[in-house]
Amino acid sequence: MSRAADAFAAPLLAWFDAHGRHDLPWQHPRSPYRVWLSEVMLQQTQVRVVVPYFERFVDALPTVAALAAAPLDDVLALWSGLGYYARARNLHAAARACVTQHGGDLPRDFDALVALPGVGRSTAGAILAQAWGDRFAILDGNVKRVLARYHGVDGWPGQSAVEKRLWQLAREHLPRSRLADYTQAQMDLGATLCTRHSPACGDCPLRPGCVAHAQGRSDELPTSRPGKTLPTREALLLLLLDAEGRVLLQRRPPTGVWAQLWSLPEARDEAEARDWFARHAGAGFDGGETLQAIPHVFSHYRFVMHPRRWQGVVATPCVRDDDDLRWVPPAALRELGIPAPVRRFLEASTAMRDNGRHASWAARPSSSGDPP
DNA sequence: AACACGGGGTA
DNA sequence: TACCCAGTGTT
């Protein structure tokens, strides 16, 4: 608004016309559904990673109605590898809410959008601004960084007082027109010039008014998150292969990491693994081969998986194909939502499996087992 | 207010 | 290795 908007929005828009991104897949065509999907995929995920997922997703599910009608497993399979799978579950639930409550498309209303699962203040604003040109602010990582530098805002943006101040600044800078371009311009500036490391201040249209640049503090704003050391958790992964080379997969619980994805059965320790194996495959636990450990890092802890493999398993009667436990042929793995490190391990251990009919249960040296 | 929630990229 | 990235939901 007023003079601040002129000094901020006007040069930003002029820069966007010449140097912004105008060829992103969700811009052609730019429908509310495609904007919504792109915004959700882009939460905590970079453009380069999102683009192929976005194209595959809209190709399979081109409308809100198609998404609402799809089984959740299909949605999770399309999401598999993107991470933060609650986004996919919320997206699916929100599409169904749009069908039952909003006539089959996204509502053009901030409060109604925020009421949808997985849509917060920033995503709702982005949808309204980009799809309709409505005058709403966003505050994603890029905008936080640009505003923190432009105004010299100290403090980690994760702190509520800092975030509140940044929201206020974001609203104050809103222009009176071109909201779709303005929204994209902020994100493009943050992604291409005002980057976290080595920002290209020499090319920045906002440099004349930038407090951080004037004070030589562009490299220390925004303030970094307080450091913390990650705890480590470990678990056993149970890889059971039957005589046809099918893999026994288990659906994960509805909450926690990798919720509702398909993965290998997991045990906290040897005793729990032995018990699980006895109930599902009978005798033979000691014939399993220990394979190379699979390290994985989450945002909040390290996770080391220790896979153990049994081949030619004959399942006990309690192991049947049902909603939570399935024998899956290797070719069908692509159709399921599977955590990325588990998928890599499965693809390696099935593709590299040497048609192993020769020794089946004979122990191989664990140190030279199939690498994940 | 603090924490949970994935995965890939980069210095 | 450590940190960052187009956030939201839960407690």
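Quick one: would you say A:Ala137 is over 20 Å from A:Val64 (Cα atoms) and in contact (Cβ under 8 Å) with a residue 24 or more places away in the chain? The answer is yes for A:Ala137. Listed by first and then second residue, the pairs linking a residue in region A:177-189 that is farther than 13 Å from A:Trp15 by Cα to a residue that is surrounded by fewer than 21 Cβ atoms within 10 Å (Cβ to Cβ), with Cβ atoms under 7 Å apart and 6 or more places separating them unless they lie on different chains, are A:Arg178/A:Leu13; A:Leu179/A:Gly133; A:Leu179/A:Asp134; A:Leu179/A:Arg135; A:Ala180/A:Gly133.
Return a yes/no flag: does region A:245-260 have any residue that is open to solvent by 70 Å² or more (accessible area, probe 1.4 Å) and either acidic (Asp, Glu) or away from DNA strand B (no atom under 12 Å from the Cβ) (or both). The answer is yes; a qualifying residue exists. Say whether the condition of being within 30 Å of A:Gly141 (Cα to Cα) and either touching a Leu at 6+ places or on another chain (Cβ under 8 Å) or without any contact (Cβ under 8 Å) to a residue 24 or more places away in the chain (or both) is met by at least one residue in region A:229-252. Yes, because at least one residue in region A:229-252 is within 30 Å of A:Gly141 (Cα to Cα) and either touching a Leu at 6+ places or on another chain (Cβ under 8 Å) or without any contact (Cβ under 8 Å) to a residue 24 or more places away in the chain (or both).
Looking across region A:46-74, just one residue is at pLDDT 95 or above and polar (S, T, N, Q), and that is A:Thr63. Can you pull out every residue in region A:1-26 that is farther than 30 Å from A:Gly209 by Cα and either modelled with pLDDT under 95 or near DNA strand C (Cβ under 9 Å from one of its atoms) (or both)? A:Trp26 - this is the single residue of region A:1-26 that is farther than 30 Å from A:Gly209 by Cα and either modelled with pLDDT under 95 or near DNA strand C (Cβ under 9 Å from one of its atoms) (or both).
For region A:261-300, filtered to residues that are closer than 19 Å to A:Trp79 by Cα and in contact with a Pro (Cβ under 6 Å, 6 or more places away or on another chain), the residue that is most open to solvent (accessible area, probe 1.4 Å) is A:His296.
The values are calculated or read from the model by the stated rules, or taken from the named source; none is laboratory data. Being a predicted model, the structure only gives us computed values, none of them experimental. Methodologically, a virtual Cβ is constructed for each residue, glycine included, from the backbone with ideal geometry; neighbour enumeration extends over all protein chains shown. For accessibility, only protein heavy atoms count, side chains too; no ligands or nucleic acids. Shrake-Rupley method; radii C 1.70, N 1.55, O 1.52, S 1.80 Å.
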